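Here the structure comes first, spelled out in structure tokens, and everything after it is commentary.
The values are calculated or read from the model by the stated rules, or taken from the named source; none is laboratory data. Only a predicted model underlies this, so the values are computations on that prediction, with no experimental measurement involved. Please note: Cβ atoms are built from the backbone with ideal geometry, for glycine as well, and neighbour counts cover all protein chains shown.
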Amino acid sequence: MHEFFQLPVFGVFISIIAFAGGREIRKKFNYVLLNPVLLAILFIISFLLIFKIDFEDYNRGGKFISFFLGPSVVALGVFFYEKYEAVKQNLKIFLFSVLIGGISGVLTVIVFLLLLKVPDFIVESLAAKSVTTPIAIEITKLTGGIPEITAGIVIAVGIFGNAFGPFILKKLGIKSKIAIGAALGIAAHGIGTARAFEESKLAGVYGGLAMCVNGIITALVTPYLLQLFL
Amino acid sequence: MLKALAYIFGFLLLGELITYFFKIPIAGNILGMFLIFIALRLKIVKLKDVKPASDKLIKYLVLFFIPYGVGLMVYFEVIADYWMPISIAVIASTVITLYISAIIIEKLER
């Protein structure tokens with residue numbers, strides 16, 4: 001049986017059905033913590049633990065799925081081209097917000113983690129926690145952190161932003177919908193952007209564009225900021 | 001669709017090629033994202049030639065990072081040892097980032 005689970009098709013199949021199942025559950029009960037990706041991950045981890053299957057065996061198939069992260073990041077460039085007309089009117093302000101927001105996202109998490117005396121490899125793994133998972137993974141590979149830790153925390157950050165972002169921002173006196181949209185994209189990437197679309201379509205577009213631009217900014221500054229502090 | 005996939009993978013390859021030869025500290029796929037945007041802007045590539053593939057990839061983007069999320073199980077004990085400081089730092093940083101990003105647009109927006 002052990003050899004059976006080493007077949008790549010096992011990892012591919014369980015990933016696809018777990019995700020499809022997660023989406024069905026989300027459709028039935030519209031509740032934010034029932035994030036399809038989170039459900040799929042928890043389901044697969046439970047399955048592997050119950051049947052005593054190693055992660056490495058699962059990942060023989062999983063690799064074929066995660067390979068598509070590379071072209072997906074390129075596809076974000078196409079998305080940006082398609083939508084950037086929408087931010088043209090406020091382009092400079094938008095870029096300024098992403099630049100400052102993006103840098104504070106990296107800077108504050110590094111400083112807080114160091115103040116709380118967390119080991120360096122965790123700081124390296126979490127520095128890029130605000131950007132979309134495929135970009136965050138690439139940044140972590142370059143900085144010497146552990147990509148799997150990055151992926152887990154990035155997804156958690158997205159869910160946090162999705163669940164509480166608009167509430168926190170409104171409590172802090174933010175009224176502009178596009179400000180909320182951009183902030184969700186900058187701080188909580190794609191999962192936060194999904195919530196921005198619920199505020200308004202334009203807010204969602206701002207979120208998606210902010211996520212793309214912050215991906216580039218964070219990729220450029222993270223290695224240098226880490227060098228500065230570690 | 002085939003043409004669109006060729007463009008997407010072509011730009012990914014170009015990005016990887018540039019980072020490989022020039023040893024710049026940025027991932028090839030991020031460079032590819034930037035280059036395809038420029039190519040579309042300069043009308044070297046037409047939107048309709050890449051859109052079929054890019055729309056599908058973005059639609060299923062979240063599926064593609066599931067294996068990395070599952071990989072977290074290997075590091076479960078490491079995370080468990082530091083869950084308090086990690087939660088505090090990550091939540092505080094996220095709230096600050098949200099606020100700074102939003103307040104800039106709120107105050108300066110036309």
Quiz item: Of all the helices (runs of 4 or more DSSP H) wholly in the range A:1-84, which have at least 2 residues that are buried (at least 21 other Cβ atoms within 10 Å of the Cβ)?
Solution: A:8-28, A:36-50, A:55-66, A:69-83
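Could you grab me the full set of residues in the range B:14-28 that are part of a helix (DSSP H, G or I) and either within 20 Å of A:Tyr81 (Cα to Cα) or free of Cβ contacts under 8 Å to residues at least 12 places away in the same chain (or both)? Steps first, please.
Going through the range B:14-28, the residues part of a helix (DSSP H, G or I) turn out to be B:14-22, B:28.
Those that are part of a helix (DSSP H, G or I) and either within 20 Å of A:Tyr81 (Cα to Cα) or free of Cβ contacts under 8 Å to residues at least 12 places away in the same chain (or both): B:Leu14, B:Gly15, B:Leu17, B:Tyr20, B:Phe21, B:Phe22, B:Gly28.
Being in contact (Cβ under 8 Å) with a residue 40 or more places away in the chain and charged (D, E, K, R) is the requirement here; does B:Lys43 meet it? Working first, answer last.
Working: in contact (Cβ under 8 Å) with a residue 40 or more places away in the chain: no; charged (D, E, K, R): yes.
Spelling it out, it is not the case that B:Lys43 is in contact (Cβ under 8 Å) with a residue 40 or more places away in the chain and charged (D, E, K, R).
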Practice problem: Would you mind finding the one in A:Phe164, A:Phe197, A:Phe229, A:Phe160 that is at pLDDT below 95, farther than 27 Å from A:Ile122 by Cα and among the aromatic types (Phe, Trp, Tyr)? | Solution: A:Phe197
Quiz item: Can you find a residue in the range A:92-103 that is among the basic types (Lys, Arg), within 9 Å of another protein chain (Cβ to nearest Cβ), surrounded by fewer than 20 Cβ atoms within 10 Å (Cβ to Cβ) and under 30 Å from A:Asn59 (Cα atoms)?
Solution: no
Exercise. Name the one entry in B:Asp81, B:Asp55 that is modelled with pLDDT under 95, over 30 Å from A:Glu82 (Cβ atoms) and either surrounded by fewer than 20 Cβ atoms within 10 Å (Cβ to Cβ) or assigned by TED's automatic domain parsing to the domain that holds B:Leu2 (or both).
Key: B:Asp81
Quiz item: Counting only residues that are assigned to a loop (DSSP other than H, G, I, E, B) and charged (D, E, K, R), how many does the range B:29-75 have?
Solution: 2
Quiz item: How many of the residues in the range B:4-40 are among the charged types (D, E, K, R) and surrounded by 13 or more Cβ atoms within 10 Å (Cβ to Cβ)?
Solution: 1
Practice problem: Could you list all residues from the range A:108-142 that are surrounded by fewer than 22 Cβ atoms within 10 Å (Cβ to Cβ) and either closer than 16 Å to A:Ile216 by Cα or not assigned by TED's automatic domain parsing to the domain that holds A:Ala210 (or both)? | Solution: A:Lys141, A:Leu142
Quiz item: For the range A:104-122, which residues satisfy the criterion of being more than 7 Å from chain B (Cβ to nearest Cβ) and within 12 Å of A:Leu225 (Cβ to Cβ)?
Solution: A:Val106, A:Leu107, A:Ile110, A:Val111, A:Leu114
